[in-house]
């Protein structure tokens, strides 16, 4: 996607911003008895955003407010999720008590920003909620405190489509956001998930993680490594296209052993040292592979066919199983790239699957 196309994409706001807006809308109603059409929220990046309020209702001294989360043009499972808060006033002057309600997950494993036993509302959103609440208290010259229970309608169902359970977040979604705004294609949420997964793996005592790029490669890896090495579920981490960031995270969490278990297309990108392995630069990829084929096989005709291959899958069919030395070169290059991106000692293993999930190359067996 070009820079111009990216700039034209519409930004959105995070679940944390939605929760803060719901709290602020509820408080405004508590003091004015008027339903605000929108509220302004100060984001963590210093900007301000106006968020529409979908619903406000009062019952027994408490106010329930709902905001529809807008992810903009960024693909997001929480887009259009209804995120809300049940808010009341307390006699604890100047304090804001934040709890998790229905649809907000609970943290059950160590290694995340929030301790086990706490609702999965990250520090950034907690700060936004507190600041928004205190802003309203100050505006209406109140010495009260605030209680805010955050909820997500249908959050339990939405959470099943995320990696939350793997990270140790049970029963609902996590309330996230490091800036408050969702920038399309920023990949902020995915990279945060990778870092969280590494942290959980380290906290659970995993000294070997298996890094895959998607659900299929992970499924094949779980079948192989769980039987052979009895690895914990936390040891399997999907890194998507984020090769270099994942290697940095390995070093950050001091994980000493890592297996890269991928299909051939991703293997080629990793072998060439691409920071990000999205399906781009395919011509350069085939040029590199063609050179490897020429050097390893001496078959110039095959090298030419590989150069003109439509996809990595097409090229793989020309190489495997007749030319295992080519796959070995790709696998060894994957390891060199991983070592280059990882700023701490880590023992790497490379596994390349064929497209039916059989291991076509394995750099070594531990």
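Points to keep in mind about this one:
- The chain, relative contact order in percent, only Cα pairs under 8 angstrom and at least six apart counted: 14 percent
- Relative pair counts by distance (%), Cα atoms of the range 188-362, 5 Å bins: 1, 9, 19, 21, 20, 14, 9, 5, 2, 0, 0
- Label-to-label distance, residue 223 versus residue 92, with points set 7 angstrom from Cα along the beta-carbon direction: 5.1 nm.
- Against the chain, whose longest principal axis comes from its Cα atoms, helix 15-32 is set at around 10 degrees.
- Pairs of Cα atoms nearer than 8 Å and 6+ residues apart set the relative contact order; for the range 188-362 it is 26 percent.
- One equal scatterer on each Cα of the range 78-226, no solvent, Debye formula: the resulting log10 I(q)/I(0) at q = 0.09, 0.10, 0.15 Å⁻¹ is -0.35, -0.42, -0.86.
- For the chain, the fraction of alpha-carbon pairs lying more than 33 Å apart is 41 percent, rounded to a whole number.
- In terms of the mean number of neighbouring beta-carbon atoms within 10 Å, the peptides 95-105, 300-310, 254-264, 167-177 order highest first as 167-177, 254-264, 95-105, 300-310.
- Highest-fluctuation residue, 21, 85, 58 considered, GNM on the chain with Cα pairs under 10 Å: 58
- Approximating the spin labels as points 7 Å out from Cα along Cα→Cβ, the residue 40-to-residue 139 distance works out to 0.9 nm.
- Förster-model FRET efficiency, 30 Å R0, residue 178 and residue 311, C-beta, rounded to 0.05: 0.25
- Taking 206, 226, 346 as the candidate residues, the one with maximal mean-square fluctuation in a Gaussian network model of the chain, Cα springs under 10 Å, is 226.
- Relative to the 2.2 N^0.38 Å rule of thumb, the range 318-366 has a C-alpha radius of gyration ratio of 1.24.
- Structure-based [θ]222 nm, the chain - -39500 (n - 2.57) summed over DSSP H runs of at least 4, per residue, nearest 500: -12500 deg cm²/dmol
- Calculated FRET value between residue 301 and residue 163, using beta carbons and R₀ = 56 Å, to 0.05: 0.80
- Against the chain, whose longest principal axis is taken from its Cα atoms, helix 123-139 shows a tilt of about 20°.
- The alpha carbon convex hull volume per residue for the range 192-256 rounds to 72 Å³.
- A viscosity of 0.692 mPa s and a temperature of 37 °C, combined with the Kirkwood radius over C-alpha pairs in the Stokes-Einstein formula, give the range 6-182 a diffusion coefficient of 205 µm²/s.
- Fully extending the segment from residue 294 to residue 192, taken as 0.36 nm per residue of separation minus the present Cα-Cα distance, adds 32.7 nm.
- The residues 229, 190, 353, when put in order of fewest to most other Cβ atoms within 10 Å, stand as 229, 190, 353.
- 0 to 90° range, to nearest 10: angle between helix 243-252 axis and the chain longest Cα axis: 70 degrees
All of the numbers you see were taken from the coordinates with simple rules; none came from a lab. Here the structure is a predicted model, which means the values were calculated and not measured. We place every Cβ from the backbone using ideal geometry, glycine too, and count neighbours over all the protein chains shown.
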